[in-house]
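Reading through the structure tokens given below for one structure.
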Amino acid sequence: MALGAIQKVEARAASIRAAVGRGEMIRTILVSECDQDEMTRLPSLERLAKDSFPVAAGDRFMINQNWWFSTLLIRQFKYCPPLNTEIKCDVLIVGGGFSGMSAAAEFLQKGFKVVLIDRNMVGGSSSGRSAGFLTPDSELELHQLVRRFGPDAAREIWEMPCRGIDRIVQAIKKNDIDCNLIQQDSLFLGIGKGGKEAVASERECRESVGFTDQQVYDENELKGVLGAEGFTAGIRYTGTYGVNPLLCLQGLKDILIDNGMQVFESTEMLRLDDHTAYTHGGSITADHIIIAVDKLKSSLSPLAGEIFHAQTFMSVTEPLTGKELNVLFPGGKQMQCWDSKLVYSYFRLTGENRLLLGGGSPLSTFLPSAYNGPFIIKKVIKEFKGRFPHLRDLSFIQFWPGLIDTTRDLLPIIVKPPGQPHLQFILGIVGLPWATFAGSFAARNILGDADEDYAKYYPYFSNRRHFSLPSGLAKIVGKPAVFSLANSWAKFYQVDTHRKPVAMKDEF
């Protein structure tokens, strides 16, 4: 490109950025900057500009950037360069999210030589991009588990993420990890008649399995604890927390390194051959391998066909003022909240008193690949401000998309491929507590310390359990169609039959 052309492009880009900074409308900017030929392409340019420049949110601008990554800028954690040699170890963990880190901790406690690799950095994928809710609720409420499995089994299943929460909280407190851990009660909010019925069902089911810490609010009572309009009922319970998940995982990384674990970040497993995993710069040979990754590639395992993706979007505000905090939680007690929609919205306060808001839409949730534009989160913000009119001037400064791995029935898969007893996969897990329990569970099974848990929990984790739709159907109608149908069925209609542990001999 000629020097004059480059200078012209740079000048126009600077002009557009300056206009955006003054708050001018994107279409007005483009009209003033486009020549006659480019005017014919104005609609497509406008769409591109909306996805490329900061987008208006209140009287400020919101950029596409993960807030948790921003919080790393003032912290210093151990540097873990990529692998560039051949090494051997007792256990290789592939994936540095809550599943992988939890599994690694179990092996280190037993004196094993552990190596962990991550294609990004520890916490750099789904775990560290999440909203940081430490609650048993993920995609399934307790009343949905009771319908599917009955009250006794539902309580067993609910114990898994509860144990995960305890494990995370104890590790943070024991090691004094600075990651904005906050005790926040959970508040499930009903919308409309169906939401009111869901809250009533949740209360009944919590009582049926023996919980006594729940508190139910009708529409008027809710206003005493939440400054919102339009919610028809709510149910609140204790024992849950909020956390900065990326700071938590990076803090845990440093602790585990101090206890002997080797970590190689920016190190992707490209190929797996028996006991050896190959990366771009080296290889790791291990007696046992646990693969706890998201976005598993089919070139690594056909199990990738069992995993589906749900898209969500998150955004964060400036720190709330004292007045805004009182408007949001008039009762003075902050909570982590989500509503009863199929594609639900959720929010909580971070440790800096910023409002973290997330959600999606049926149009984007089941898309096969990530969408990075602001359109969906702007609609979530608009709906939130409609329910919290006194916070309509609140400025959201950053947003980021998330593509969450899950399964057709929204419960995790832990599997040992036939003929490969040294290899295990932990896949499709939604929720940090679930991931933490699953990592510990998989490790303890290798160590021989989980016989009782195996008999109790593995029927729910097996990839040979009953699914309403076969994964092979995705090759005919596409993964989004299969997942949207199976997701809705699992949440609102599915009833499961139990498989006896004796029928699952040697599956795990």
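Taken together, the values in this text are just the output of simple stated rules run on the coordinates, not laboratory data. Bear in mind the structure is a predicted one, so any value in this text is a computation, not a measurement. Positions of Cβ are generated from backbone atoms using ideal geometry, with glycine treated the same way; all protein chains shown enter the neighbour counts.
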request  = Take the alpha carbon atoms of the stretch 88-172, find their radius of gyration, then divide it by 2.2 N^0.38 Å using N residues; give the quotient.
outcome  = 1.31
Counting all C-alpha pairs of the stretch 208-269, share separated by more than 13 Å (%) = 76
note = Residue separation between Lys223 and Gln420 times 0.36 nm, minus their alpha-carbon distance, gives in nm 65.3 nm
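Could you sort 76-85, 63-72 so that the peptide with the highest average Cβ count within 10 Å comes first and the rest follow in order? Walk me through the intermediate numbers first.
Details: 76-85: 13.7, 63-72: 17.5.
Ranked from most to least packed, the peptides come out as 63-72, 76-85.
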note = Taking every alpha carbon pair in the stretch 337-474 and sorting the distances into 5 angstrom bins from 0 up to the bin holding the longest one, the percent per bin comes out as 2, 7, 14, 17, 14, 13, 11, 10, 7, 4, 1, 0, 0
ask   = Between His466 and Leu485, what is the spin-label point distance in nm, taking each point 7 Å from the Cα along the Cα→C-beta axis?
value = 1.8
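Nothing charged except the Cβ atoms of Lys and Arg (+1) and of Asp and Glu (-1): what's the magnitude of the dipole of the chain about its Cα centre? Round to the nearest 20 debye.
Here the size comes out at about 720 debye.
For the stretch 129-245, what is the per residue volume of the convex hull drawn over the alpha-carbon atoms, in cubic angstrom?
In the stretch 129-245, the Cα hull volume divided by residue count equals 118 Å³.
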task = Any chance you could run the full-extension gain for Lys193 through Gln215? It's 0.36 nm times the residue separation minus the Cα-Cα distance, nm to one decimal.
result = 6.0 nm
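For the ranges 380-391, 422-433, what's the packing order if you count other beta-carbon atoms within 10 Å of each residue, average per peptide, and put the highest first? Mind showing how you got there, number by number?
Numbers: 380-391: 17.2, 422-433: 24.7.
Listed from highest to lowest mean packing, they are 422-433, 380-391.
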message = Can you give the FRET efficiency to the nearest 0.05 for Asn84 and Asp451, using r as the Cβ-Cβ distance and R₀ = 51 Å?
response = 0.80
remark   = Among (i) 22.4; (ii) 26.5; (iii) 27.7, the entry matching mean projected area of the Cα convex hull in nm² as calculated here is (ii)
task = State the answer as a single residue: which of Leu485, Ala277, Phe441 lies farthest towards the positive end of the charge dipole of the chain, with beta carbon charges of +1 for Lys and Arg and -1 for Asp and Glu, about the Cα centre.
result = Leu485
query = Given a Förster distance of 35 angstrom, what is the FRET efficiency for Lys110 paired with Asp152, based on the Cβ-Cβ distance and rounded to 0.05?
reply = 0.60
ask   = To the nearest 0.05, how large is the calculated FRET efficiency for Lys173 and Asn353 if R₀ is 30 Å and r is the Cβ-Cβ distance?
value = 0.90
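Classify the stretch 313-394: rounded, prolate or oblate, from the alpha-carbon gyration tensor (a ≥ b ≥ c, eigenvalue square roots; a/c under 1.5 rounded; otherwise prolate if a/b is larger than b/c)?
Cα axes put the stretch 313-394 in the prolate bin.
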note = Relative to the compact-globule estimate 2.2 N^0.38 Å (N residues), the Cα gyration radius of the stretch 203-342 stands at a ratio of 1.58
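Sort 94-103, 398-407, 315-324 by packing, meaning the average of other beta carbons within 10 Å per residue, with the highest value first. Spell out each step's value before the answer.
Details: 94-103: 29.6, 398-407: 21.5, 315-324: 17.1.
The peptides rank, most packed first, as 94-103, 398-407, 315-324.
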remark   = When the charge dipole of the chain is computed with +1 at the Cβ of Lys and Arg and -1 at the Cβ of Asp and Glu, the Cα pointing farthest to the positive end, of Cys162, Ser102, Asn64, is that of Asn64
remark   = Taking Rh as the Kirkwood radius computed over alpha-carbon pairs of the stretch 112-155 and applying Stokes-Einstein at 4 °C with viscosity 1.567 mPa s, one gets a diffusion coefficient in µm² s⁻¹ of 96
key: Antiparallel DSSP beta bridges within the chain, percent to nearest 5   = 65
note = Residue span Asp166 to Thr238: 0.36 nm per residue of separation minus Cα-Cα distance leaves a gain in nm of 24.6 nm
Hydrodynamic radius by Kirkwood, which averages 1/r over all alpha carbon pairs of the stretch 422-481, in angstrom = 13.5
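Helix-only mean residue ellipticity at 222 nm, the chain, DSSP H runs n ≥ 4 weighted -39,500 (n - 2.57), per residue, nearest 500. What is it?
On the way: 19 runs with 199 residues, N = 508.
Only helices count here, giving -11500 deg cm²/dmol.
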